């Protein structure tokens, strides 16, 4: 009886939050000119959330330290970009190399292009997973890192110019028709990964993470299970890359450097290794805070901050430290503080659920009453 | 004894690591429904034998049959051809090996000397994950919950097993938070969840007090009868071994030095010298 009550409460709360989110998105969409800045932040955060959850799937849930995310995002971005740019603009974009004739008239809607990106990344991950998933921890990290750089080099190679436009990249990719398109695709991707993690396969992933010897003794095929996790993770990284290309309206190899992988790793660690909701929170927090801290990049005079100082000698001095790039200094310090005090990430390895919220508030109330009782 | 069906047959098993012969020419057999103990001083090669049987190591030489099928066979190859210091060098010619998960699928489940639970997961999930192997799902049906019937069956079976093992009150606990004896129990429950016909217990009584050891003895006999198991165990506690085992094999420095009924082995001077002689020193 009580369990049922809690369940309905959770469902109602979830629906309310969902409705609020949709209402907020609709509000942004209705005044899209006015709120274009907010829209870009939301879209970028959502796309990074997909990448972060996909990375968490392999690192946080399966315990395999793979750093190939940027490489797969690069593949996904190019595939999506090449297949969706309008046919009549192609000659103009590929003016140097001339687009390969068999590809020239292939134009697909975004959804289909993303599915092809998904399938291609899955196939490539399957092939490279064969040799490299035998490696463990640091060695796997180096191998996947190498792979992601190779991908970048290959896509920037002149020989592939007729397909990838080499170092010029693919541009003029049609943008999202509305914020809903982007958010909905991201939500579907995250929900699918969440369901997989929640299933029997997810439990097998976690078993391998916690103790691979015991997992094997329990009849879990190490290689096949790792491969599954790697393939799914890479395929969704590809989709995230495709979405990123549409968001930026271009796909260039310089976007998909190792720094991008680290950025996503940061979201995963900050949010909580082994928590889907943590990765989403991490993605929004990292993307958002990099924007919110932008005021630190401007130079100020003291008189700008305190109007009554105007005209004095002190008012004419610059505020120390605030200058272009200072934002990243503060951002790094904030990161260190977060990692020091929440060293399991913001959510830890558990999911954020309504029950957890309830327990948190109930715990605080109990503490308070206990303190009052002591007095 | 000979009318009983043979379950495990180990022939001339030799395991050599580099120049060290960890196990030399070990032959043993376990029949259906028996409890057989493998004893020996520290470093005698007991766990190595276990690891060969459960597929962790591929034997250097020798053969292991399980329920009539060869699950592992090896002969010295490559560098080992020159280095090989064991016996029966040219008896075996084939190489057959299976990964531990394949062995488990065939019906040999095991526990570990140092408990290996999935510490951060709940007791329930620890047992549930062992059901993964026998499920007929695939990633697609599992993700989109098309296998909910199977999933429910797996969960029900897990509950039943936890109740049978008296662990149901701890179902939501993190495995690492359980007291030591319970962790041992949970490890056995998890092994049982794989649906084995043979259970290999690696020092199940390690770190237990005499009372817990007695409880464990009756527990092992109980699970053997309830799940129709054959049990092979490694143990140091002579009390436990003497009480429950039908037959005992004693090894020292990788060699079999004695075998037979508990009384016969216990009175064998070679065993006393190798095994109990060590105890006199401390």
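The values are calculated or read from the model by the stated rules, or taken from the named source; none is laboratory data. What you see is a predicted model, and the numbers here were worked out from it, not measured in a lab. Glycine also receives a Cβ, built like all others from the backbone with ideal geometry; neighbour counts cover every protein chain displayed.
Mind checking which residues of region B:178-201 are within 14 Å of chain A (Cβ to nearest Cβ) and either surrounded by fewer than 16 Cβ atoms within 10 Å (Cβ to Cβ) or under 19 Å from residue B:119 (Cα atoms) (or both)?
Correct list: B:183, B:184, B:186, B:187, B:188, B:189, B:190, B:191, B:192, B:193, B:194.
From the residues in region B:151-167 that are surrounded by 15 or more Cβ atoms within 10 Å (Cβ to Cβ) and closer than 30 Å to residue B:210 by Cβ, which one is farthest from the other protein chains (Cβ to nearest Cβ)?
Residue satisfying both the conditions and the ranking: B:164.
Across region A:198-227, what is the number of residues that are within 9 Å of chain B (Cβ to nearest Cβ), crowded, with 22+ Cβ neighbours inside 10 Å and farther than 18 Å from residue B:130 by Cβ?
0
Quick check on region B:214-224. Is at least one of its residues outside the structural domain of residue B:132 (by TED's automatic domain parsing), assigned to a helix (DSSP H, G or I) and at pLDDT below 85? Spell out the reasoning first.
Applying the first criterion (outside the structural domain of residue B:132 (by TED's automatic domain parsing)) to region B:214-224 yields B:214-224.
Okay, now just the ones that are also assigned to a helix (DSSP H, G or I), so B:214-224.
Right, trim to at pLDDT below 85 and you get none.
No: zero hits.
Just one of B:136, B:131 is under 24 Å from residue A:232 (Cβ atoms) and in a helix (DSSP H, G or I); which is it?
None of the other options fit; the residue is B:131.
Of the residues B:148, B:132, B:98, which is on the phi < 0 side of the Ramachandran plot, modelled with pLDDT of 85 or more and facing chain A (nearest Cβ under 7 Å)? Don't jump to the end; show me each part of the working.
On the way: B:148 fails: facing chain A (nearest Cβ under 7 Å); B:98 fails: facing chain A (nearest Cβ under 7 Å).
The unique qualifying residue is B:132.
Against the definition (buried (at least 24 other Cβ atoms within 10 Å of the Cβ), without any contact (Cβ under 8 Å) to a residue 24 or more places away in the chain, in a helix (DSSP H, G or I) and in contact with a helix residue (DSSP H, G or I) (Cβ under 8 Å, 6 or more places away or on another chain)), how does residue A:240 come out, yes or no?
no
Could you say which residue among B:87, B:73 is free of Cβ contacts under 8 Å to residues at least 60 places away in the same chain, more than 10 Å from chain A (Cβ to nearest Cβ) and over 30 Å from residue A:275 (Cα atoms)? Step through it out loud before you land on a result.
Details: B:87 fails: free of Cβ contacts under 8 Å to residues at least 60 places away in the same chain.
Answer to the selection: B:73.
Would you mind finding the one in B:109, B:142 that is facing chain A (nearest Cβ under 9 Å) and out of contact with any strand residue (DSSP E or B) (no Cβ under 9 Å at 6 or more places or on another chain)?
B:142
Going by the structure shown, is residue A:18 surrounded by fewer than 24 Cβ atoms within 10 Å (Cβ to Cβ) and outside any helix (DSSP H, G or I)?
Values: surrounded by fewer than 24 Cβ atoms within 10 Å (Cβ to Cβ): yes; outside any helix (DSSP H, G or I): no.
Answer is no for this residue.
Of the residues in region B:112-129, how many are closer than 23 Å to residue B:50 by Cα, touching a helix residue (DSSP H, G or I) at 6+ places or on another chain (Cβ under 7 Å) and more than 8 Å from chain A (Cβ to nearest Cβ)?
Summing the residues that are closer than 23 Å to residue B:50 by Cα, touching a helix residue (DSSP H, G or I) at 6+ places or on another chain (Cβ under 7 Å) and more than 8 Å from chain A (Cβ to nearest Cβ) in region B:112-129 gives 4.
Look through A:169, A:159 and report the one residue that is away from every other protein chain (no Cβ under 14 Å) and buried (at least 19 other Cβ atoms within 10 Å of the Cβ).
Sole residue among the options that is away from every other protein chain (no Cβ under 14 Å) and buried (at least 19 other Cβ atoms within 10 Å of the Cβ): A:169.
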